[in-house]
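Below is one structure, written out as structure tokens; the observations come after it.
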Amino acid sequence: MCTKKWRTLATGIRTAVVFMSTTALFQGTEYALAQDVQSSFNNVSRSIDSFSPGIGRAGTIVTLTTGGMPAITPVRIGIGATQVGFEEIGQALTTQKGELTIDVEIPAWADPSFSHVFIVFDFYFAPIALSSEFFVLGPDGNVSREGRIMNDVPGCEAPALLTDDGILYALTGNLEDFGVGDRVIVEGSISSSSLCTKDAGIQVTEIAAAEKASP
């Protein structure tokens with residue numbers, strides 16, 4: 001039996017606590033590390049149809065609904081922070097039509113400074129479908145993101161923040177003296193409607209210089 005648990009400390013340091021008694025990597029596991037399956041995410045073509053609400057704090061109950069799954073098949077539901085790790089938060093059996101609906105709870109470790117997605121896995125942790133971003137809020141109702149300020153983004157009518165994950169967030173509010181090319185950490189609320197056609201917006205309440213990204 002192999003048991004793995006990924007968690008985020010309050011300091012933002014990601015750690016994986018791994019206890020292994022056999023060499024079986026995923027069989028019977030409740031948790032797993034994204035690095036073990038990250039390469040297979042790039043091959044996932046299916047999307048989770050919908051989830052509601054799309055924003056909330058740790059402890060929020062979210063309803064996922066999707067089709068296009070293998071019929072009458074047990075699946076695992078996970079939530080993960082992009083390029084960091086994921087945790088199984090539910091299991092379901094798909095219908096004869098390959099559909100599923102399940103309520104899941106956002107775990108306590110979910111961090112408002114990371115981009116989170118829901119993942120449907122088969123029972124051996126091979127990813128089947130991914131969701132769009134679920135916005136995890138901090139106690140103050142804000143999110144924070146780190147990246148580089150961009151301009152002239154197609155379909156975006158405002159400066160945008162490009163994160164290391166390749167996600168764009170339209171930035172509104174006071175950017176102080178920061179401009180295009182600056183690497184920053186922004187904090188603020190998710191805009192009710194984005195000025196970028198495909199991506200979310202952040203109403204900036206705080207902004208600060210960030211360290212340069214590792215090469």
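Checking each residue in segment 71-108 for being among the basic types (Lys, Arg) and surrounded by fewer than 21 Cβ atoms within 10 Å (Cβ to Cβ) picks out only 97.
Annotation: residue 125 fulfils all but one of (1) touching a helix residue (DSSP H, G or I) at 6+ places or on another chain (Cβ under 8 Å); (2) outside any loop (DSSP other than H, G, I, E, B); the unmet one is (2). For segment 43-69, enumerate the residues that are modelled with pLDDT of 95 or more and exposed (fewer than 13 other Cβ atoms within 10 Å of the Cβ). Across segment 43-69, the qualifying residues are 52, 53, 59, 61, 63.
Could you go through segment 142-163 and let me know if any residue there is within 29 Å of residue 48 (Cα to Cα), modelled with pLDDT of 95 or more, in a loop (DSSP other than H, G, I, E, B) and under 20 Å from the mean Cα position of the chain (by Cα). Looking for residues that are within 29 Å of residue 48 (Cα to Cα), modelled with pLDDT of 95 or more, in a loop (DSSP other than H, G, I, E, B) and under 20 Å from the mean Cα position of the chain (by Cα), one finds at least one in segment 142-163, hence yes. Restricting attention to segment 111-151, which residues are of a type in the set (Asp, Glu) and either in contact (Cβ under 8 Å) with a residue 24 or more places away in the chain or buried (at least 17 other Cβ atoms within 10 Å of the Cβ) (or both)? Those that are of a type in the set (Asp, Glu) and either in contact (Cβ under 8 Å) with a residue 24 or more places away in the chain or buried (at least 17 other Cβ atoms within 10 Å of the Cβ) (or both): 111, 122, 133, 146.
The values are calculated or read from the model by the stated rules, or taken from the named source; none is laboratory data. Predicted model only: the values in this text are computed from it and were never measured. So basically every Cβ, Gly included, is an ideal-geometry build from the backbone, and we count neighbours across all protein chains shown.
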